[in-house]
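Step one of this worksheet: look at the structure below.
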Amino acid sequence: MSITEAIMAKFKPEFWATGGGEPGSGRRVLNFRRTWEQAILLMLGVSLVPLLALAHLDFQVTRNHAENEMALRTGRLLNDNMRAVSFFLQERRAALQFVIQTHTLAELADERGLALNLEGLRSSVGGFVDLGLFDGSGRHFRYSGPYSLQDLDYAAESWFQEVVTAGVHISDFYRGFRDDPHLVIALRRDMDDGSFYILRATLSTEWFNAQLAQFKRSGYGEAFLVNRQGIVQTPTMNYGEVLQRVRLPELPSFTEEFRVFPGVDEDGRELIIGYAVIPDAPFILMVIQRKSEVLRSWVQTRLVITAFVAVSIILIILVILGVTTRLVNKLYQADHERIKAMQEAEQVGKLASVGRLAAGVAHEINNPLAIINEKAGLMRDLLVHGNQETRLVRMPVLLDAIREAVERCAVITRRLLGFARHLESRWQEVRIQDVIEEVLAFHGKEAEYRNINLCVDVAPEVPVFVSDRGKLQQIFLNLVSNAFAAIGDGGHIYITGTMKNEAQVLVTVTDDGTGIPAVDLKRIFEPFFSTRTQRGGTGLGLSITYGLVRELGGNIQVESAVGVGTRFFVTLPLNAAKLQDGREENANSVG
Amino acid sequence: MAEKILLVDDEKDFVEALAERMRARGMDVSTATSAPDALAQTDKESFDAIVLDLAMPEMDGLEALKRFKEKNPQLQVILLTGRATVEKGVQAMKLGALDLLEKPADIETLSRKIKDASARKMVLVNKAAEEKIHDIMINKGW
C-alpha cells in the first residue's frame, strides 16, 4: 500500500464505500457519497463564487482607479513643467525684446554696450550665454560672450533665414560652431531706412537640464524635451542620447497640444506617455513613466489582498470539507442505526406474524384434538365396559375417526410448515392467487365462526410472476389480519387482483370495518404508530408491510372512511426480479 | 334419575362420541350440530343442562346462550370451547352460563358439572313449584 493510499484509508469516511441502492428495508435513504459531493459543491459554490467575484471586481476597480490616477498625475506634472518651460522661454524672449526696443543700434553696437546688456540680462533673468548682433547679410558684426564667434558668416544658417522672414526665432538645441548643445533666440529689428539688424541670444541648456532633472528626482519617471522631429533635446536616462532620435518604438504625431496615452518602450515594457507642445517654441515636453513603477504600490496592496483571499479560500475549503464530511458521517451513522432498528423491527414483525399464525393454528388444531380425545375416551369405555362383540364392531370405526382427525391436524401443521418455509426470503415464480388463498386458509375457521364473508377475485390475465413469496405472504397476512381486526362479525373482506398496466399488478384488500379516521390515515405507515397499543399492538405491522412492499419494488396506498371501511392498494411490479438483480449488481460493483 | 342433557357442537364426530360416553355414564343425551337446531329442540323438550360450544358457524355460542336464557331462565348452560379468552368467559358468565370448560375436556369433570347443573335446576324448579303453590295458597285460599 502506498503512502497516499494509507492516508486515504485513514481519512476515508465510513460512508465512502456505500452505494445508494442497497436492497431491503435496510435500504439506505441517501446515496451518501453523492450527498457529500453535492453538499461540498453547493457550499463551495455559495462561499467561493462571491468571494472570487468580489476579489476580481476589486482588482478591476482598483486597477482602473490606479491607472486613472496615474494618468491624471502625469497630466498635471506635464502641464506644470510645460508652463515652466514655456514661461522660461517667454521671459527670455521678452527680456531680449526689451533690450532691442530700448536701445538704438549704435548703443548696442558700441564696444561696451552689448557686454553691459549681457551682464544685465545674466544678472536679472539669467540663463544667457552670449549676445550677438547680425546685419542683413548674416555677418556677425558684434559679439559678446565666452566664444570667439565675431565676424563669422551666418547667412546660410537656417535660423538666420527664418528670423529674416518671421522676425523672431527660437531654435532647437544644436551644437553649431561651438560644439555644445545650446539654443538661440533671435529677434529682428527693422530700421527706418528699410534695413534691419538681428539680436541673437544663446541660452545654455543648464536651466532645462536642472528643471527636468528635478522632475526625475520626484520618482515619477522622466521628463525631457524633444523637437517636432522627435530629436531628444535634453538629457534622458532611457530614451536616447541628446540630439539623437528619441528611443521609442512609436513616435506620437504631436498633432494635439496635450495628450496622455499608454505605450511601450523598446523592451516592450508598458509606459504611460504624455506630451505637451510648448507654445511659440519648437519644443515638445515629454513625460514618460513606467507603468510597473507607478503601479508598484498598488501591486503590493494587491499582493496582500490576493494572499489573504488565497488563505481564506484554503480555509473555507478545509472547513467545508471537514464539516460536511462530519455531518454526512453522522447522517450515515444515524441511518445505519435506523437500518439496524428497522431490521430488528422486521424480525419482531416476522415473529409477530408467526405468533399470530401459531395462535390460529392452535385454535384449529383444538377441534380435531377434542374429537380424538372423545373417541379415545369412548374406546376406553368400550374396552372397560363393553362386550367382545361391540368392541369388534365399534373399534375399527372409532380408530378410523381418530385417524381422520389426525389427518386434519396434519393438514394444518403441513400448511403452517409450508407457510413458515416460504417466510424465508426467496425469489421464485408466484401465482398471486395462491398466496392470497394460502393466507386466507389460516383465517378460514375464524371467518366461519364469525360469519365473515371472504371473497377473492383475481383476474385471469394476471400472470405468474417472479417475486419474493415470503414477503408477499407477510404483506397479505398483515393486511388480512388488520381487516379481520377491523370488521365485526358478519363483515366482508374483498380481495381483488387485476393488471394495473402492462408491468404492474394491483391487489386491493377491502373491508367494511370501522375505517380509519383521516387524521390517523396519514400516519398509519409510520413505525410505532398504533391505536391498539393498549391491546398489544406494536404499531409495526403496517410500517413493516410498507417496507416489504417497497422492497418488492411495489407501492402501497390506502383509502378509508370511518364507518364505511378501508381499502388497501398494493401495486407490485411484474419484473421486480430484474430490479433486484440490478440492485445486487450495483451493490457488488460498489462493494 | 337420569340427567337429561343436550350437547351442541358443530363437530358431528365430537358431539356423537361425547354423547355416547355420557350415555354410558347413564345420562339421557340429545345432540345438536348447530345453535338453531338446539333452540328448536329446547322448544320441544326440557333439559336439565345444555353443553354448548362457543365457536360455531351461523350462530355462535354466546348468541345461542342469550336465546336459551330468554326462553327459559332456568336452563343451565355449560360452555365448552376450544378458544377460551377471559373476555369471552366473563361475557358468558354475565349472560348466565353456569360454567366454562376448555376443550379437550375431561369427561369426569364435565359429568360432575352436569350433575351440579342438574341439581341446581332441581332446586330452581322446586323453588318455582313452591312459589306457585304459595301463590295458589294465597290467592285461591279456600
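The values are calculated or read from the model by the stated rules, or taken from the named source; none is laboratory data. All values reported here derive from a predicted model rather than from experimental measurement. Reconstructed Cβ throughout: ideal geometry from the backbone, glycine too, with neighbour counts over all protein chains shown.
Quick notes
- Residues in the stretch B:24-46 that are in a strand (DSSP E or B), within 14 Å of chain A (Cβ to nearest Cβ) and more than 16 Å from B:Ala117 (Cα to Cα): B:Thr31 only.
- Spans of helices (runs of 4 or more DSSP H) in the stretch A:30-125 with at least 1 residues under 30 Å from A:Asn329 (Cβ atoms) and acidic (Asp, Glu): A:32-102
- Scope the stretch B:1-23; condition touching a helix residue (DSSP H, G or I) at 6+ places or on another chain (Cβ under 6 Å) and within 13 Å of chain A (Cβ to nearest Cβ); matching residues: B:Leu7, B:Asp9, B:Glu11, B:Asp13, B:Phe14, B:Ala17, B:Leu18, B:Glu20, B:Arg21
- Here B:Val51 fulfils each of the conditions (1) under 24 Å from A:Ile452 (Cβ atoms); (2) among the hydrophobic types (A, V, I, L, M, F, W, C); (3) within 13 Å of chain A (Cβ to nearest Cβ) apart from (1).
- Test: B:Val77 is of a type in the set (A, V, I, L, M, F, W, C) and either over 12 Å from the mean Cα position of the chain (by Cα) or within 14 Å of chain A (Cβ to nearest Cβ) (or both): no
- Matching residues in the stretch B:81-99 - criterion: being within 16 Å of the chain's Cα centre (by Cα) and in contact (Cβ under 8 Å) with a residue 24 or more places away in the chain: B:Thr81, B:Ala92, B:Leu95, B:Gly96, B:Ala97, B:Leu98
- A:Glu429 being at pLDDT 80 or above, more than 9 Å from every other protein chain (Cβ to nearest Cβ), at negative phi and not in a helix (DSSP H, G or I): yes
- Options A:Tyr197, A:Tyr143, A:Tyr174, A:Tyr154; residue that is under 28 Å from A:Pro252 (Cα atoms) and either surrounded by 15 or more Cβ atoms within 10 Å (Cβ to Cβ) or of a type in the set (Lys, Arg) (or both): A:Tyr174
- Every residue from the stretch A:444-470 that is aromatic (Phe, Trp, Tyr) and either touching a Gly at 6+ places or on another chain (Cβ under 9 Å) or within 14 Å of chain B (Cβ to nearest Cβ) (or both): A:Tyr449
- Matching residues, the stretch A:339-362, being in contact with a Gly (Cβ under 6 Å, 6 or more places away or on another chain) and within 13 Å of chain B (Cβ to nearest Cβ): none
- The stretch A:96-124 residues that are surrounded by fewer than 16 Cβ atoms within 10 Å (Cβ to Cβ), paired with ones that are among the basic types (Lys, Arg) (beta carbon under 9 Å, 6 or more apart): A:Gln101/A:Arg189; A:Ala109/A:Arg142; A:Asp110/A:Arg142; A:Glu111/A:Arg142
- When A:Glu293, A:Glu270, A:Glu257, A:Glu250 are checked against the criterion of being over 25 Å from A:Arg122 (Cβ atoms), surrounded by 12 or more Cβ atoms within 10 Å (Cβ to Cβ), among the acidic types (Asp, Glu) and more than 44 Å from the chain's Cα centre (by Cα), a single residue qualifies: A:Glu257.
- Conditions (1) of a type in the set (Asp, Glu); (2) part of a helix (DSSP H, G or I); (3) touching a Phe, Trp or Tyr at 6+ places or on another chain (Cβ under 9 Å); number of the one not met by A:Asp172: (2)
- Within the stretch B:55-64, tally of residues that are more than 9 Å from chain A (Cβ to nearest Cβ) and among the aliphatic types (A, V, I, L, M): 2
- Scanning the stretch A:363-394 for residues that are at the interface with chain B (Cβ under 7 Å from one of its Cβ atoms) and within 19 Å of B:Thr81 (Cα to Cα) gives A:His363, A:Asn366, A:Asn367, A:Leu369, A:Ala370, A:Ile371, A:Asn373, A:Glu374, A:Lys375, A:Gly377.
- When the stretch A:471-498 is limited to residues that are out of contact with any Leu (no Cβ under 7 Å at 6 or more places or on another chain) and aliphatic (A, V, I, L, M), the one that is farthest from the other protein chains (Cβ to nearest Cβ) turns out to be A:Leu472.
- Search result, residues across the stretch A:237-277 that are touching a residue at least 24 places away in the same chain (Cβ under 8 Å) and part of a loop (DSSP other than H, G, I, E, B): A:Asn238, A:Tyr239, A:Val242, A:Leu243, A:Val246, A:Leu248, A:Phe254, A:Asp265
- Scan the stretch A:366-387 for residues that are in a helix (DSSP H, G or I), surrounded by fewer than 19 Cβ atoms within 10 Å (Cβ to Cβ) and at pLDDT below 85 and the total you get is 1.
- Members of the stretch B:96-137 that are surrounded by 18 or more Cβ atoms within 10 Å (Cβ to Cβ), away from every other protein chain (no Cβ under 14 Å) and not in a helix (DSSP H, G or I): B:Ala97, B:Leu98, B:Asp99, B:Leu100
- Single residue of the stretch A:395-406 satisfying the filter (surrounded by 11 or more Cβ atoms within 10 Å (Cβ to Cβ) and more than 9 Å from chain B (Cβ to nearest Cβ)) that is nearest to B:Leu18 (Cα to Cα): A:Ile402
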